[in-house]
1. Please go through the stretch 160-182 and give me each residue that is touching a helix residue (DSSP H, G or I) at 6+ places or on another chain (Cβ under 8 Å) and either surrounded by 12 or more Cβ atoms within 10 Å (Cβ to Cβ) or closer than 30 Å to Leu212 by Cβ (or both), ordered by number.
2. For the stretch 116-131, which residues satisfy the criterion of being more than 17 Å from Gly87 (Cβ to Cβ) and not in a strand (DSSP E or B)?
3. Looking at this structure, is Glu33 more than 25 Å from Leu212 (Cα to Cα), in the same structural domain as Asn105 (by TED's automatic domain parsing) and either of a type in the set (Phe, Trp, Tyr) or exposed (fewer than 11 other Cβ atoms within 10 Å of the Cβ) (or both)?
4. Which one of these is touching a residue at least 40 places away in the same chain (Cβ under 8 Å), touching a Lys or Arg at 6+ places or on another chain (Cβ under 6 Å) and crowded, with 18+ Cβ neighbours inside 10 Å: Ile56, Ile123, Ile130?
5. Name the residue that is surrounded by the fewest Cβ atoms within 10 Å (Cβ to Cβ), counting only residues in the stretch 192-222 that are within 29 Å of Glu132 (Cα to Cα), in contact (Cβ under 8 Å) with a residue 12 or more places away in the chain and small (Gly, Ala, Ser).
6. Being in a loop (DSSP other than H, G, I, E, B), among the small types (Gly, Ala, Ser) and at pLDDT 70 or above is the filter here, so list the residues in the stretch 1-25 that pass it.
7. Which condition breaks for Ser135 when tested against (1) free of Cβ contacts under 8 Å to residues at least 40 places away in the same chain; (2) under 30 Å from Gln49 (Cβ atoms)?
8. Please count how many residues of the stretch 43-71 are in a strand (DSSP E or B) and either of a type outside the set (Ser, Thr, Tyr) or not assigned by TED's automatic domain parsing to the domain that holds Ala197 (or both).
Amino acid sequence: MSQARNENQSPDQSLTRDAIRAMRRSYGDVGLENLPADPWSTFSLWLSQAAANEFIVEANAMVLSTLDGEQQISTRTVLLKDISEGGFTFFTNYQSRKAHDMEINEQVTLLFPWFAMERQISISGLAQKISESQSDEYFATRPWSSQIGAWASAQSQPLESREELANRFAGASQKWPEGSHVPRPPHWGGYRVLPLAIEFWQGRYSRLHDRLRYERQSTDSEFVLTRYYP
């Protein structure tokens, strides 16, 4: 009788190099033609379309890459929570690895990988902390469990066991029972990424993809739109 493969065993060896090389799909013929001079309207449209697509889980999920003091790149997924004041805002623990990286080097990249729509948006820019009042305002809108989680998690720090995390959550829950006011932790808040470049990518047939990039020299200058070879 066959047995299910243990999770600690090596991956199925039947997936050969040739099989991996043969992984490809044909893209459609929906292209990018006359985009407006302003990238924000296009971004908002694409985000709303991604949110309406049943095959995309968390359309506002974006891949954030940072660079530390030793020039080591670190990548993780965060959630976009606002598009205002000329930037893309997300929230995190200020003692996390990503926060330490951004204190050293404010240059970051963001990526929205909407595979189901054969689209992606890549962004490079500068990450800056938002005001405490803005962080307070958003924290107050979070579910109670998420607020408690922000107190319980010493993000990016070594964790002895899952039980330790559960105990920290239980302790914070007792201090601020559900229905009570939970203050924002001083070590938690938002960053806004001010873009220097925003690239819209649309997959097309024969790998003749469309790449249109909005670029500018500084965060207070105008964008210039350029089409690039795929």
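The values are calculated or read from the model by the stated rules, or taken from the named source; none is laboratory data. None of these values were measured; they are calculated from a predicted model. Heads up, the Cβs are rebuilt from the backbone with ideal geometry, glycines too, and the neighbour counts pull from every protein chain shown.
1. Matches in the stretch 160-182: Leu165, Arg168, Phe169, Gly171, Ala172, Ser173, Trp176, Val182.
2. So in the stretch 116-131, the residues more than 17 Å from Gly87 (Cβ to Cβ) come out as 116-120.
Passing the criteria: Ala116, Met117, Glu118.
3. So Glu33 does not fit the description; no.
4. Ile130
5. Among those residues, the one meeting the criterion is Ser218.
6. Matches in the stretch 1-25: Ser14, Ala22.
7. So the condition that Ser135 fails would be (1).
8. Residues flagged as in a strand (DSSP E or B) and either of a type outside the set (Ser, Thr, Tyr) or not assigned by TED's automatic domain parsing to the domain that holds Ala197 (or both) within the stretch 43-71 amount to 5.
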